[in-house]
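**Student:** To start, I am sharing the structure in question, which I have written as structure tokens.
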Amino acid sequence: MKPMLPRKKKQERFSLGFLFLLLAFSSSCRLYNLQKELPPSYADFLSKVRYIITSREEKTFLKLPNSEKDQFIEEFWRRRDPDPETEENEFKKEYFGRIEQANRLFFGEGKPGWLTDRGRIYILFGPPFNRITNPLEGEFGIRCGEVWYYGNFPVVFRDSNCTGSYELVTYDLTPLREVNIAYMHDLSQAQAQAQAQAQETFSWENDLFDFRFEVRKKTVEPERITGVVIIAIPYSCIWFKDTEGIFKTEMEVQLELRDETGQLRWEDKANFEIALSLAELKERQKASYNREIPFVLEKNLEELRRGKNTFQCRVKNLTGREELRKVLEIDF
């Protein structure tokens with residue numbers, strides 16, 4: 001008779017578990033229906049804050065009568081205001097500013113830029129400290145993609161078909177929470193310090209730092225190869241400092257040529273300054289700053305002629321401390 005007692009308890013436990021599951025499912029369906037019935041303005045609010053609203057806040061918002069939802073929205077933003085003493089909510093302004101930037105930077109994936117994986121990370125954590133496009137395949141196991149660095153933490157996006165659609169392949173973003181909190185909540189203090197400085201930092205629309213580069217071969221001889229690396233940096237993504245009406249910045253460029261085995265065959269590092277008046281800067285808003293760096297190869301030419309080599313170009317804007325690395329293949 002003893003075996004019957006555990007079996008009964010097991011059945012009771014099963015029934016209790018099923019009841020909890022049924023209640024949870026019922027609650028989920030109720031919240032889903034409430035969300036479907038939201039007036040357009042409240043549905044838009046809930047959609048736009050999807051990255052920062054907590055599950056408890058979302059449930060509370062959905063269950064509130066419409067007459068109380070506006071007050072909830074006011075309190076929602078007030079709780080996130082880093083400096084309630086000022087009229088402007090810096091967190092709210094920064095958040096919606098990032099949504100606008102994401103729409104402009106990450107279009108072309110079949111949905112608004114802020115709903116893409118790159119847009120979500122940009123909104124949550126801001127511009128990366130360092131960004132690598134199309135990294136070497138051996139580094140992250142991807143041929144087409146991007147790697148964003150926040151400090152030493154990499155966030156990897158993969159473009160599986162090399163068509164411009166990126167998906168996030170870094171899943172645990174816990175180490176970035178402190179970065180985001182510091183970036184967003186200390187924003188007002190950072191802005192106040194910047195305004196107090198004699199030299200103000202200036203960028204047109206805070207574009208994600210980018211550049212283009214190509215390698216042109218001039219002479220290819222048995223004992224000598226010459227060429228030039230051409231770098232083009234859009235003015236719209238360059239940070240400048242205002243020094244008595246002259247906007248200045250400093251760029252650092254590092255070039256590396258490696259053979260198919262990964263051996264370093266040539267390298268160069270250069271710093272250069274850009275200085276423009278405000279009028280000149282406005283004229284060149286849609287143009288690019290171009291720089292040519294020549295190279296001469298006279299050693300290890302046999303190794304370079306055996307297969308595909310890689311030219312790596314790293315550009316760092318020392319004013320804004322933004323950095324980007326790109327790699328392309330070349331043969332001789």
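The values are calculated or read from the model by the stated rules, or taken from the named source; none is laboratory data. Fair warning: this is a prediction, and the values are worked out from it, not measured in the lab. Backbone-built Cβ (ideal geometry, glycine too); neighbour counts: all protein chains shown.
**Student:** Which ones in region 287-309 are under 32 Å from the mean Cα position of the chain (by Cα) and at pLDDT below 90?
**Tutor:** 308
**Student:** So residue 261 fits all but one of (1) modelled with pLDDT of 90 or more; (2) more than 30 Å from the chain's Cα centre (by Cα); what number is the exception?
**Tutor:** (1)
**Student:** May I pose another question? In region 36-69, which residues are outside any loop (DSSP other than H, G, I, E, B), without any contact (Cβ under 8 Å) to a residue 12 or more places away in the chain and surrounded by 13 or more Cβ atoms within 10 Å (Cβ to Cβ)?
**Tutor:** Hit for region 36-69 is 43, nothing else.
**Student:** May I pose another question? What are the residue pairs meeting all of these: first residue in region 312-332, first residue not assigned by TED's automatic domain parsing to the domain that holds residue 128 and buried (at least 20 other Cβ atoms within 10 Å of the Cβ), second residue acidic (Asp, Glu) and not in a strand (DSSP E or B), Cβ atoms under 7 Å, and 6 or more apart or on different chains?
**Tutor:** The qualifying pairs are 324/210.
**Student:** Moving on to the next point. Step by step: first the residues of region 289-320, then only those that are of a type in the set (Val, Ile, Thr) and assigned to a strand (DSSP E or B), then the one that is nearest to residue 223 (Cα to Cα). Which residue is that?
**Tutor:** Filtering first and then ranking leaves 296.
**Student:** Mind checking which residues of region 78-91 are surrounded by 15 or more Cβ atoms within 10 Å (Cβ to Cβ) and in a helix (DSSP H, G or I)?
**Tutor:** Of everything in region 78-91, those that are surrounded by 15 or more Cβ atoms within 10 Å (Cβ to Cβ) and in a helix (DSSP H, G or I) turn out to be 90, 91.
**Student:** Oh, and also: How many residues are over 28 Å from the mean Cα position of the chain (by Cα) and not aromatic (Phe, Trp, Tyr) if we restrict to region 57-83?
**Tutor:** Number of matching residues: 14.
**Student:** Report whether or not residue 281 is within 26 Å of residue 126 (Cα to Cα), at pLDDT below 90, of a type in the set (A, V, I, L, M) and not in a loop (DSSP other than H, G, I, E, B).
**Tutor:** Taking the combined requirement at face value, the residue satisfies it.
**Student:** Could you tell me which numbered condition residue 286 fails, if it satisfies all but one of (1) in a loop (DSSP other than H, G, I, E, B); (2) surrounded by 13 or more Cβ atoms within 10 Å (Cβ to Cβ); (3) not aliphatic (A, V, I, L, M)?
**Tutor:** (2) is the only condition that residue 286 fails.
**Student:** Quickly run through region 92-108 and pick out the residues that are surrounded by fewer than 19 Cβ atoms within 10 Å (Cβ to Cβ) and assigned to a loop (DSSP other than H, G, I, E, B).
**Tutor:** Of everything in region 92-108, those that are surrounded by fewer than 19 Cβ atoms within 10 Å (Cβ to Cβ) and assigned to a loop (DSSP other than H, G, I, E, B) turn out to be 107, 108.
**Student:** Please go through region 238-256 and give me each residue that is in a strand (DSSP E or B) and more than 27 Å from the chain's Cα centre (by Cα), ordered by number. Before you say what the answer is, go through the steps one by one.
**Tutor:** As a first pass, look at region 238-256 and keep what is in a strand (DSSP E or B): 240-243, 246-256.
Those that are in a strand (DSSP E or B) and more than 27 Å from the chain's Cα centre (by Cα): 243, 246.
**Student:** Starting from residues that are under 28 Å from the mean Cα position of the chain (by Cα) and of a type in the set (A, V, I, L, M), keep the ones in region 264-275 and report whichever is nearest to residue 290 (Cα to Cα).
**Tutor:** 274
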